[in-house]
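Have a look at the structure below, then the notes.
The values are calculated or read from the model by the stated rules, or taken from the named source; none is laboratory data. Small disclaimer: the values here were computed from a predicted structure and weren't measured. Cβ sites come from the backbone with ideal geometry, for glycine too, and all protein chains shown count toward neighbours. Heavy atoms of the whole protein, side chains included, go into the accessibility calculation; ligands, DNA and RNA do not. Shrake-Rupley method; radii C 1.70, N 1.55, O 1.52, S 1.80 Å.
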Amino acid sequence: MCQLLGMNCNTPTDIVFSFTGFATRGGRTDEHKDGWGIAFFEGKGVRHFVDHQAAIDSPIAELIKRYPIKSTNVIAHIRKATQGVIALENCHPFVREAWGYQWVFAHNGDLKNFAPQLDGSFLPIGTTDSERAFCYLMQSLRSRFGAQLPTLENLREFLSEICREIATHGTFNMMLSNGSALFAHCSTKLHYIERQHPFNTAALSDEDVSVDFAQVTTPQDRVAVIVTEPLTTNEHWTALQSGELKVFVDGRVLT
């Protein structure tokens, strides 16, 4: 299956450290070499990069590791294909518009016999179960809430409901963001960490790289990182429970 990486912050922050370790899993320290992608929110805009090459071999991935794009919400994905050929249109994350906002989605898992009826408001471009699930999720959102953007609490309640429904077809680990919050649903495996003052030094598990966050942050900064498998060896990561949906806003998980 694939792997997911998300970041949610209270101030624009770069993801270079986490992405460096994450991208290594795209063909060097793990077998996820069937494409990758990343999306950064900047205001209401999104910088969106996808590549059908393995992340470890991709010149675009090298650009991301060297160019510190700052964002408050980031979603990244490295792919091991289970449904759909290796092609650019099948690379996550996927992006759609609703209520004047961009929505970014990525999925890890395999959905069996998942053929929802789509009404044409959101249609897949590629051939993955993941993109079908995203289109169905967005269609269901619009059907439930109409022309009015739902509140954060209504979004959380609805997403918990729709994720449970989709997960009846198989594994549905997913991340979704509209630029103001990041939603993460766990079927089998997701972990998160919240970093805040006083910041410490972190060491990657997939690369011989460490960073002293105290040197690159302010006392007011808060950063939450969500990932399939923990990225560092010397920090405490919290595992999400199966069936759990977490909402991250301004660098912390909402209770």
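Quick notes on this structure:
- Here 45, 27, 100, 21 are screened, and the one residue that is at pLDDT below 90, open to solvent by 10 Å² or more (accessible area, probe 1.4 Å) and of a type in the set (Gly, Ala, Ser) is 27.
- Pair list, Cβ under 7 Å, 6 or more apart: the stretch 237-253 residue among the charged types (D, E, K, R), other residue part of a loop (DSSP other than H, G, I, E, B): 244/186; 246/240
- Applying the criterion of being charged (D, E, K, R) and farther than 15 Å from residue 15 by Cα to the residues of the stretch 180-206, the residue that is most open to solvent (accessible area, probe 1.4 Å) is 189.
- You will find that of 165, 153, 157, the residue that is among the charged types (D, E, K, R), surrounded by fewer than 17 Cβ atoms within 10 Å (Cβ to Cβ) and within 27 Å of residue 42 (Cβ to Cβ) is 153 and no other.
- Test result for residue 58, modelled with pLDDT of 95 or more and open to solvent by less than 40 Å² (accessible area, probe 1.4 Å): no
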